[in-house]
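Peer 1: I have a structure I would like to understand better, so I am pasting it below and will then ask my questions one at a time.
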Amino acid sequence: MKLNHVTYLIFSFLILVSACRNSAKQDSHEADVVIYGGTSAAVTAAVQLARSNKSVIIVCPDKHLGGLSSSGLGFTDTGNKEVIGGLAREFYQRVYDYYQQDEAWKWQTKDSYGNKGQGTPAMDGDKRTMWIFEPHVAEKVFEDFISENNIRVFRDHWLDRQNGVTKDKAKITSIRTLNGATFKAKIFMDATYEGDLMAAAGISYTVGRESNKKYNEEWNGVQVGVLHHGHHFGNLKISPYVIPGDPESGVLPLISTDFPGNKGDADQRLQAYCFRMCLTKTPENRIPVERPANYDSTQYELLVRVLDSGWRETFQKFDPIPNHKTDVNNHGPFSFDNIGMNYDYPEASYERRAEIIREHENYQKGLLYFYANDSRVPAEIREEMQQWGLAKDEFADNGNWPHQIYVREARRMRGKFVMTENEVLGKNPVLDPIGMGSYTMDSHNTQRYITPEGYVQNEGDIGVHPKHPYQISMGSVLPQQNECTNLLVPVAVSSSHIAYGSIRMEPVFMILGQSAAIMADMALNKKQDLQNIDYESLDKKLLEAGQVLSY
């Protein structure tokens, strides 16, 4: 049959429509619960749901699972390990089991490793837990969780943050990713560090530091003059100017000329980000840090002045993890935190975030190279740094560099209940706990500024330790009911800035992920809004799952 031109166009259009429908059908997926994010909280939540016989899908913008737990943060911030229960404890028990194998110790013997952890032994034989680990080991444990429970994971799927969330009144009905895939569910969970699904769904949130007045706190807001830890210039009188003492000569890089703010006031600044680098001295497993393509030694002029002052703590936070490797964190007045360079990250486009991440990577690689090669660095430090390099057997598909930048804080939901320092410090009771935290209220520096006396200083570093472990409210993972009734947010939780400084630890995220999954299971069984869950019934299920709710 010969088709005329119009008939041909109509016929072609119908074929195209049919193909699109078939493609859309193929790219449409459905489950009881859809989790957006690939963090440790996403994994524990998915495992709990699968073990509860609920269908679950992880939609992961990353290729690798586990977030910071599998991306360099192996020297775990545990706080009081007695309040870490459920799947979080199972994770650390699986790490322990892995390191009981002789073949796990490739670059050193188990006996030579020692047993240093952060406030706890690295290996606890009585409880069969291990809190310190290599990145690839953590990732293996997460992947084992996924495969054993037959959990569907869609990797490299990025939420369409502009038009990708469909709601029917206060319920999310589906989400769509930039590659066109659609995911439908009865309940959704945002397990990202950034809170991207939460924000795209129109949930209230905040970025930055609240004023102390907002929640009757002491340690929130701008903290000019508060010098906790050692991550500041203290009494070092170091000039911020190109020609020391001469403001007309200009300001050195990485120092802000803005007014820092008044103590206790709100601002939009964020605590600094960094990569938790996995370095090694083992020659057979070491890759030297090369000179970055855009390397600029003038970016580190302030460090030269710090070293000239006599500061010698460069290697103090090269914390040991197994097989002669380190989890390297920020330490001191000028270190691996790229202070002040992340303010627009939470709200930024994916493209802009990628630029920020690359800038942080270049800054840290440049700093390593500077330490190892610049003649202005004292010889003993320079020669020591020359012995360190990237671990060849970590992050093999990413140039041996961590997959995930340390997003210490981004958006925070304004949910049904806001956790503040008053709950963390035990001043206010929590009536509906779904887990516990215990770590120091810890904020890294947010800015590097010039004091009225004309010297450089850091601001924002806080460390206030709760006397006892504290309870985390069920309402902190729930949006306000009028905004959404079928979304859980166990990472970008409803919290003030300074309370989040304690909550934001990886074991706590695993705990909250599992508890959120138990809440989802209950809501599905009862066919009710998440906010209407009966807490007494929830309490029993949490305890049955091994969660610790009191201390």
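Peer 1: Per residue and in cubic angstrom, what volume does the convex hull of the Cα atoms of region 423-468 have? All intermediate terms of the calculation are to be shown ahead of the outcome.
Peer 2: On the way: hull volume 4.8 nm³, N = 46.
Per residue, the Cα convex hull of region 423-468 comes to 105 Å³.
Peer 1: Can you give the alpha-carbon Rg of region 41-94 over 2.2 N^0.38 Å, where N counts its residues?
Peer 2: On the way: Rg = 12.7 Å, N = 54, 2.2 N^0.38 = 10.0 Å.
Normalised Rg, Cα atoms only: 1.27.
Peer 1: Follow-up question, since we're still on this one. How about K127: which aspartates and glutamates have a C-alpha closer than 14 Å to its C-alpha, ignoring those fewer than 8 places off in the same chain?
Peer 2: The qualifying aspartates and glutamates are E82, E90, D97.
Peer 1: Order of 307-314, 261-268, 458-465 by packing, highest average Cβ count within 10 Å first? It would help to have the intermediate numbers written out before the result.
Peer 2: Working: 307-314: 14.4, 261-268: 15.9, 458-465: 21.4.
The densest-packed peptide leads the list: 458-465, 261-268, 307-314.
Peer 1: Report the antiparallel proportion of the DSSP beta bridges in the chain as a percent, rounded to a multiple of 5. Walk me through the numbers before you get to the answer.
Peer 2: On the way: 41 of 61 bridges.
Percentage antiparallel, nearest 5: 65.
Peer 1: Here is a further query. Once the Cβ-Cβ distance between K167 and E30 is put in as r, and R0 is 22 Å, what FRET efficiency do you end up with, to the nearest 0.05?
Peer 2: Working: r = 17 Å, r/R0 = 0.76.
With R0 = 22 Å, the Cβ-Cβ based efficiency is 0.85.
Peer 1: Got a number for carbon plus sulfur as a percent of the chain's accessible area, 1.4 Å probe?
Peer 2: Values: 10850 of 22280 Å².
The C+S portion of the solvent-accessible surface of the chain is 49 percent.
Peer 1: Go through region 433-449 residue by residue and turn each phi into a ³J(HN,Hα) via Karplus (6.51, -1.76, 1.60, θ = phi - 60°); whole Hz please, and just put x for glycine and proline.
Peer 2: Once θ is set to phi - 60°, the couplings for region 433-449 become x, 10, x, 9, x, 7, 6, 3, 5, 10, 10, 7, 4, 10, 7, 10, 10 Hz.
Peer 1: Still on this structure, I have one more. With +1 on the Cβ of every Lys and Arg and -1 on the Cβ of every Asp and Glu, and nothing else charged, how large is the dipole of region 288-376 about its Cα centre, in debye rounded to the nearest 20? Please list the in-between numbers first.
Peer 2: Working: 10 positive and 15 negative charges, 57 e Å.
Using Cβ point charges on Lys, Arg, Asp and Glu, region 288-376 gives about 280 debye.
Peer 1: So how many Å³ per residue does the convex hull of the Cα atoms of the chain work out to?
Peer 2: 191 Å³
Peer 1: Taking only Cα atoms of region 118-226, what ratio of Rg to Rh do you get with Rh as the Kirkwood inverse-distance radius?
Peer 2: Details: Rg = 20.3 Å, Rh = 18.4 Å.
With Rh from the inverse mean 1/r over Cα pairs, Rg/Rh is 1.10.
Peer 1: Please name whichever of I381, T109, G208 sits farthest to the positive end of the charge dipole of the chain, dipole taken about the Cα centre and charges placed at Cβ: Lys and Arg +1, Asp and Glu -1.
Peer 2: Highest projection toward the positive end goes to G208.
Peer 1: In cubic angstrom, how much convex hull volume per residue do the alpha carbon atoms of region 113-181 span? All intermediate terms of the calculation are to be shown ahead of the outcome.
Peer 2: Working: hull volume 13.7 nm³, N = 69.
Cα convex hull per residue, to the nearest whole number: 199 Å³.
Peer 1: Still on this structure, I have one more. Under the definition of Cα pairs under 8 Å and six or more residues apart, what whole-number percent is the relative contact order of region 349-492?
Peer 2: Details: 162 pairs, mean separation 30.2, N = 144.
Answer for region 349-492 is 21 percent.
Peer 1: Ranked from highest to lowest mean number of other Cβ atoms within 10 Å per residue, what is the order of the peptides 316-329, 237-250? List each step's numbers first, then the result.
Peer 2: On the way: 316-329: 20.7, 237-250: 13.8.
Packing order, densest peptide first, comes out as 316-329, 237-250.
Peer 1: With every atom except the alpha carbons ignored, what do you get for Rg and Dmax of region 306-360, in angstroms?
Peer 2: Answer for region 306-360, Rg first and Dmax second: 15.2, 42 Å.
Peer 1: Moving on to the next point. Using Cα atoms only, what is the angle between the long axis of helix 135-148 and the major principal axis of the chain, expressed in degrees (0 to 90) to the nearest 10?
Peer 2: Computed tilt is about 10 degrees.
Peer 1: Separate question: Using only Cα atoms and rounding to the nearest 10 degrees, what angle (0 to 90) does helix 535-544 make with the longest principal axis of the chain?
Peer 2: Helix 535-544 sits at roughly 70 degrees to that axis.
Peer 1: Going by accessible area, probe 1.4 Å, with all protein chains left in place, what is the ranking of H468, H232, largest first?
Peer 2: So the residues, ranked largest to smallest area, are H468, H232.
Peer 1: Then there is this: Give the ranking of L227, L549 by solvent-accessible surface, highest area first, calculated with a 1.4 Å probe.
Peer 2: L227, L549
Peer 1: How much length is gained if the chain between Y551 and H468 is pulled fully straight, taking 0.36 nm per residue apart and subtracting their Cα-Cα distance, in nm to one decimal? Can you show the working numbers first?
Peer 2: Details: separation 83, 0.36 × 83 = 29.88 nm, distance 0.81 nm.
Net length gain for the segment: 29.1 nm.
Peer 1: Relative to the first principal axis of the alpha-carbon coordinates of the chain, what is the inclination of helix 5-26, with its axis defined by its Cα atoms, in degrees from 0 to 90 and to the nearest 10?
Peer 2: 70 degrees
Peer 1: Let me ask something else. Which value, in nm² and rounded to one decimal, describes the direction-averaged projected area of the C-alpha convex hull of region 375-504? Walk me through the numbers on the way to the answer.
Peer 2: Working: hull surface 55.8 nm².
Orientation-averaged projected area of the Cα hull: 13.9 nm².
The values are calculated or read from the model by the stated rules, or taken from the named source; none is laboratory data. These figures come from a predicted structure and were not determined experimentally. Using ideal geometry, Cβ is built from the backbone for each residue, glycine included, and neighbour counts are taken over all protein chains shown. We work out accessible area using only protein heavy atoms, side chains counted, and drop any ligands, DNA or RNA first. Shrake-Rupley method; radii C 1.70, N 1.55, O 1.52, S 1.80 Å.
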